[in-house]
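See below for the structure under consideration.
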Amino acid sequence: MKISLTILLVLVLFISAFSQKKGMRKKAVTYSLYGQIMDDKGKGLPYVSVGIFNSNDSNYVKGAATEPNGRFSVQIPAGNYYAKISFLSFEDKTINNIIVVSRDVDLKKIKLKPSVNNLEEFVVVEEKRLMELDLDKRVFNVSKDLTSQGADATEILDNVPSVEVDVDGNISLRGSGNVRVLINGKPSGMMGMTTADVLKQMDATQIEKIEVITNPSARYDAEGEVGIINIILKKDRREGVNGSVNANVGFPNNYGGGFNVTFKQKHFNVFTGYGVSFRNSPGSNISSQEFNYPDTAFSYNSDSKTQRFSFNNNFRLGTEIFINNYNSLTISGRYSFGDGDNETNLVYSDFDAFGEAVQVVKRDEIEDKDRNSYEVSMNYRKTFKKKDQLLTFDISKSQRTDDESSIITQTNSSVASQNIEQRVFNDEGGDNWLFQTDYVHPIKNGKIEFGLKHTIKHIDDDYAVEQFNNAINDWEFIPGFKNLVLYDENVSASYLMFGKKIKKFSYQIGVRAEYTDVKTELVTTNDVNKRDYLNFFPSTHFSYKLKKDNSIQLGYSRRIRRPHHYWLLPFFSFTDSRSNVSGNPNINPEYTDSYELGHLKNWSKASLLSSIYYRYTTSTMDWVVLSDAEGITRRMPVNLGVKDAFGVEFSGSYEFAKWWTVRGSYNFFREIRDGEFQGVEYDVDTYVWSTRINSKWKIKKKISLQASGNYRAPKQSPQGETKARYSLDLAFSFDVLKGNGTVSFTGKDVFNSRNRNSISFGENFVSESKRQWRSRYVRVSFTYRINQKKKRGADRIYQDGGSEG
């Protein structure tokens, strides 16, 4: 494996050096094309979009935005061109027959005519782009979702087709929670925390768009059974100063604000942003447990009320330096810090075999959390004279700390000796390194891609639970609940892909190799677990363009799901002393073979993406619940067996009128599980469907209304069933300050129905529960755009296209 990585690295460096040497032989000569954009009164117009195109093939060459006085200048080689000029509330203008031979060209003063129709026409075009459909991915443009104002990333994902977020913030795609979440095409260094915790700290105002990739190629990490969710952060590429400032307030307590600003000049680009939020998230959990053993039977009810107060700050800063026409360097960093205070009041009501009340136990916990993390990254990007030839190098370093402490007080109405005090400490920290290089070499009607990647992850988790001993008037550690866990994970990867297009048919084949080296050490008990494995992950994609905007694609990929580090920890939480959650240091990764056939059809006012998919998974990682004779349940992850899942999915949109657009998705699948653990069979055959619909209305140009509803049918699991769930969100917004500002009103979970209702059972117990992480809330938000107003149509020329591999 090390030899293959070395060979690939040498090849990458050789190609880079060879290409640079070849480029040095003949330096490209460029000339200035300049001028000044004026309004009908002769006044210079700032921030006007100017795009330069090749007259022979209409390919985009370069773009710029005018300075405050309306002047612009771009450097282009000799050739024949035409220019497209576009600005808000003015008519577009095209200048033809621009001939650059051996000197600079002055277009002099160019006047634009006012147009009252330009804004209206553009807004209609942009409204269609809330969701973009393609055969290999779906793109959700966050800024077009009215409910996104003042939200966090989990709330945004819950509006994305095919994606579901449960009441605890856990993410699933097409009914599976095994999905890989990336930020700007790469795993975030903050992902040592749970994905849900990371996304809850991320403000929606920092997100540009979200990509959902259901069958990734070998270019991407093999992690994630059902695919990848890629979150793209904002980075405006227009010249000058651009950005936005926002503030929001809501009930229950929900306050926040922030800004995103980009300053771009000819040779560099500086982008920065800050977001702050304070939220109170009240939640509840009601459950009933029944236990039946050969010699005894009993039951209890539990009622838990929680208040979660969180205060988060996120700051980012970066710069992109354009060394020349072919080389650029980006250096950026993110820093996040915050704290939280959680108050939980839990009441147990115990009953005997005849249903008679025995005792009431109250358990109150006050928890304090302190978190901070940072990430620094560098990206080098080299393009070549040859179109689509690209070489990139990436390196990033991140670090985080997550310290938690709590005080638990328990009182018993019948047994005084059960009145106890406990203290819980859990201090976790981690370091992550990422090294990556990718190269794309175009050939006739195709391209070859290969790359290398190495990640280093270290996590230490120091936890302990103490109980006050009245006899000695001091605190004592509870046996089995004190340890220091050290986790080290190293993953080395390389990939090779080849793709080609033959008329209307195109194909792509590739393979990815990943070597994983994992070590888990429990220092206190001197337990060490080492594992390493080498895997190959092939992928194939075939597509064919039919007539009249029809396309089909067939894809296959092999995926892996590695255990999260916290799945290996022997201890999770002590809030509920009767329901313990623990890890399993002996759990193995699971593997999935994924097949998908998709069809995309576009009409003038509608689009429809239809997919048929099948997944076969071995060594499935599932959670099982076990109980003992004292009524204590233990939930832990284990490898159960195999799983088959096959289904159909539809995503589409339709424009009923210029002022009314509807988008929706529907997913239906069958899941068959065959598993065994400790001599007990865990088999299930279930049918599940879910749907989501979004309707948006535009009234009098400046007012927008939106309603979003979703429903998920009941789903059976090897140990029970999760009942049906539905919710409805409403929002409306209107523009103010001559289009520079927008005020939004949002009502989330209008019917207060986003609950997780479930039933689970084992050999000697039955449990029913109703859980709500956060109750219904309302929010008012204000956004002010700096030199943006509504995004101009010409901006589509200059914005980045997609994700990084």
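The values are calculated or read from the model by the stated rules, or taken from the named source; none is laboratory data. Keep in mind it's a predicted model, so treat the numbers as computed, not measured. Cβ placement follows ideal geometry from the backbone for every residue including glycine, while neighbour counts extend to all protein chains displayed. The accessibility values were calculated without ligands, DNA or RNA, using every heavy atom of the protein model including side chains. Shrake-Rupley method; radii C 1.70, N 1.55, O 1.52, S 1.80 Å.
Note on the stretch 523-601: dipole from Cβ charges, positive end direction compared against Asn584, Pro538, Asn526; the farthest Cα belongs to Pro538. This model, with +1 at the C-beta of Lys and Arg and -1 at the C-beta of Asp and Glu, gives the stretch 339-401 a dipole about its Cα centre of some 1420 debye. When Lys503, Lys386 are compared by accessible surface with a 1.4 Å probe, the order from highest to lowest is Lys503, Lys386.
Please grab the % of Cα pairs in the stretch 293-448 that end up more than 24 Å from each other.
The proportion of pairs with Cα distances above 24 Å equals 63 percent.
Peptide packing for 105-112, 555-562, 253-260, 405-412 was compared via the average number of neighbouring C-beta atoms within 10 Å per residue; ordered from the highest value, the list is 555-562, 253-260, 405-412, 105-112.
Rounded to the nearest 20, the Cβ-based charge dipole of the stretch 530-644 about its Cα centre (Lys and Arg +1, Asp and Glu -1) stands at 620 debye. In the stretch 323-442, a dipole from Cβ-located charges (positive for Lys and Arg, negative for Asp and Glu) runs towards its positive end, and of Ser349, Asn426, Leu391 it is Leu391 whose Cα lies farthest in that direction. Computed about the Cα centre, the dipole magnitude for the stretch 705-794 is approximately 580 debye when only Lys and Arg (+1) and Asp and Glu (-1) carry charge, each at its Cβ. Working ranking of peptides 482-492, 670-680 by packing, defined as the average number of other Cβ atoms within 10 Å per residue, highest first, is 482-492, 670-680.
Against the criterion of solvent-accessible heavy-atom surface with a 1.4 angstrom probe, Trp603, Trp567 sort, most first, into Trp603, Trp567. Sorted largest first by accessible area at a 1.4 angstrom probe radius, with every protein chain in place, the residues Asp368, Asp729 fall in the order Asp368, Asp729.
Treat the stretch 661-717 as a sphere of radius equal to its Kirkwood radius over Cα pairs and apply Stokes-Einstein at 4 °C in a medium of 1.567 mPa s; give the translational diffusion coefficient in µm²/s, rounded to a whole number. D, rounded to a whole number, is 89 µm²/s. In the stretch 436-549, taking the dipole from charged Cβ atoms about the Cα centre, the farthest positive-side position among Pro479, Tyr439, Tyr507 is held by Tyr507. Exceedance of the 31 Å cut-off in Cα-Cα distance is limited, within the set Lys447/Lys545; Lys43/Lys701; Lys111/Lys548; Lys545/Lys643; Lys111/Lys266, to Lys111/Lys548; Lys545/Lys643. Apolar share of the accessible surface for the stretch 357-420: 54 percent from carbon plus sulfur atoms, 1.4 Å probe.
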